[in-house]
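The values are calculated or read from the model by the stated rules, or taken from the named source; none is laboratory data. Just so it is clear, the structure is predicted and the values come from calculations on it, not from any experiment. Because the Cβ atoms are built from the backbone with ideal geometry, glycine has one as well, and the counts that use them run over all protein chains shown. Note: accessible area is taken over every heavy atom of the protein model, side chains too, but ligands, DNA and RNA are not part of it. Shrake-Rupley method; radii C 1.70, N 1.55, O 1.52, S 1.80 Å.
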Amino acid sequence: MSRRRSWHTLIVGLALAGAGSVPALAQSDARAPVRIAVIEAMSGPFANTGEAIMRNLRFAVERINARGGVKLADGAHKLELVPFDSKNQVDEALLLLRGAADQSIRIVMQGNSSAVAAGLIEGVNRHNQRNPGQRMVFLNYSAVDPALTNEKCSPWHFRFDASSDMRMAALTEVMRRDREVRRVYLINQDYSFGQQVSRSAREMLARKRPDVAVVADEFHPIGKVKDFSPYAAKILASGADTVITGNWGNDLTLLVKAAREAGFKGSFYTFYGNALGAPAALGDAGVGKVRAVAEWHYNAGEPGMDRAYEAYRRMFPRPADDYLNARMLHMTDMLAAALEQAGTVDAAAIARRLSGMRWTAEGADLWMRPDDHQAIKPLYVFTMRKVGEGDVKRDVEGSGYGFQTTLKVPAADLALPTTCKMAKLPE
């Protein structure tokens, strides 16, 4: 059986377990695996992002299991992922959260949708209040709406990605230096995250580059636009020289492809323009013009992550599967450390160890700020180049295009203030 077919079989089998068709193992059973619910869109318009997430998490978990798993008070336990298909819907995610709780799963992961994450935070809060003996902890790897660690913060929620405000702070540091930026077109998905990207872009540009004109502030339905050519035509007609977008998944790929086909020659400042088809869609038109922001990229020159990347590609050699995120490795490694320090899968014990934890493995420089459970870390802003240019040795998804560091913004410059009033964890 091929690797792809084997992985598909694994996903289907675990999803059936998530649906309740397989008897659940209580995590109190000696040596039973520590199960982790991954509530994510595994079907629909963002299925490609869900598949990429599962590859990252599978790689991260198998690294832990290869060294014997996690050592709890009663011995070593393997980690086990249990995927649940939320279809990117809040109501569906909440039903799946209840299903995970019914299976005695105490650890939940999610990230691709801030709206879903907000719903899960509320759901976990309610569940933990009503079921003090069966509490759950929520680890967020990519839902970046700042509200999640401000007014909606929770002692049970931990964000390992940078917030959209932190990402925008890094991007606008480059824009502050880029004098070619004069006319900006904002285009984002029409939900909480996209709206926050727009707000923070306008606020930070006004402060750092008051000479820049925002020529449009556009929103489109999330996951429903199949043809972005009308939007590309408006970008072209506006005279914009720069597009800022927080779009992700197919909404990003289709947007940049339409812009290229329309003849847009300006720059894209993106949150996620470094993978899932975007570089290949842009081709030569993106060279020197497309920038993205993250905690790491393939040509950052961090030896620890270089080794992790090589191991990931051995596990997933297909070019289409080439999408490794450092934050998911850091999150899983920190979870493993918290489990071993706690000696138990009790959610409160895990949360107490994660809150305030500092992590420096594999080039990471991460602090889980106890005030709001926001990961504070440096960010890279990087620019699309052809492989072989400068220090661009690795491409993305076999496209022939990679990224080169433009600016590394230190963590101290990204530790934005929080309004979180964090509730205390129960003893």
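Quick look at the numbers
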{"quantity": "Residue in the stretch 33-50 that is open to solvent by less than 30 Å² (accessible area, probe 1.4 Å), modelled with pLDDT of 95 or more and of a type in the set (Asp, Glu) present", "calculated": "yes"}
{"quantity": "Selection count where residues are at pLDDT 95 or above and either open to solvent by less than 10 Å² (accessible area, probe 1.4 Å) or not in a loop (DSSP other than H, G, I, E, B) (or both), scope the stretch 96-115", "calculated": "13"}
{"quantity": "Strands (runs of 3 or more DSSP E) fully within the stretch 123-236 counting 3 or more residues that are under 18 Å from Trp248 (Cβ atoms)", "calculated": "183-189, 213-220"}
{"quantity": "Residue count for the stretch 157-190, restricted to those that are acidic (Asp, Glu), open to solvent by less than 10 Å² (accessible area, probe 1.4 Å) and without any contact (Cβ under 8 Å) to a residue 40 or more places away in the chain", "calculated": "0"}
{"quantity": "Qualifying positions in the stretch 238-266 - open to solvent by less than 10 Å² (accessible area, probe 1.4 Å) and either part of a loop (DSSP other than H, G, I, E, B) or polar (S, T, N, Q) (or both)", "calculated": "Thr242, Thr245, Gly246, Asn247, Gly249"}
{"quantity": "Odd one out for Gly133 among (1) farther than 19 Å from Leu425 by Cα; (2) of a type outside the set (A, V, I, L, M, F, W, C); (3) free of Cβ contacts under 8 Å to residues at least 12 places away in the same chain", "calculated": "(1)"}
{"quantity": "Test result for Leu81, within 23 Å of Asn48 (Cβ to Cβ), in contact with a Phe, Trp or Tyr (Cβ under 8 Å, 6 or more places away or on another chain) and either of a type outside the set (Lys, Arg) or surrounded by fewer than 24 Cβ atoms within 10 Å (Cβ to Cβ) (or both)", "calculated": "no"}
{"quantity": "All positions within the stretch 366-380 that are open to solvent by 50 Å² or more (accessible area, probe 1.4 Å) and out of contact with any Lys or Arg (no Cβ under 6 Å at 6 or more places or on another chain)", "calculated": "Pro370, Asp371"}
{"quantity": "Lone unmet requirement of (1) closer than 24 Å to Phe403 by Cα; (2) surrounded by 23 or more Cβ atoms within 10 Å (Cβ to Cβ) for Phe228", "calculated": "(1)"}
{"quantity": "From Gly400, Gly390, residue being modelled with pLDDT under 95 and either over 20 Å from Thr270 (Cβ atoms) or not aliphatic (A, V, I, L, M) (or both)", "calculated": "Gly390"}
{"quantity": "Looking only at the stretch 117-134, and only at residues there that are open to solvent by 30 Å² or more (accessible area, probe 1.4 Å) and within 17 Å of Met422 (Cα to Cα), the one that is nearest to the chain's Cα centre (by Cα)", "calculated": "Glu122"}
{"quantity": "The lone exception for Thr253 - which of (1) farther than 25 Å from Ala169 by Cβ; (2) hydroxyl-bearing (Ser, Thr, Tyr); (3) at pLDDT 95 or above it fails", "calculated": "(3)"}
{"quantity": "In the stretch 222-234, the residues that are of a type in the set (A, V, I, L, M, F, W, C) and touching a Leu at 6+ places or on another chain (Cβ under 9 Å)", "calculated": "Val225, Phe228, Ala232"}
{"quantity": "Tabulated pairs, the stretch 213-229, first of a type in the set (A, V, I, L, M), second open to solvent by 50 Å² or more (accessible area, probe 1.4 Å) and in a strand (DSSP E or B), C-beta under 6 angstrom, 6+ apart or interchain", "calculated": "Ala213/Arg183; Val215/Arg183"}
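This table checks each residue for (1) assigned to a strand (DSSP E or B); (2) under 25 Å from Asn140 (Cβ atoms).
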{"residue": "Thr383", "(1), (2)": "yes, no"}
{"residue": "Asp391", "(1), (2)": "no, no"}
{"residue": "Asp395", "(1), (2)": "no, no"}
{"residue": "Gln404", "(1), (2)": "yes, no"}
{"residue": "Leu407", "(1), (2)": "yes, no"}
{"residue": "Ala423", "(1), (2)": "no, yes"}
{"residue": "Pro426", "(1), (2)": "no, yes"}
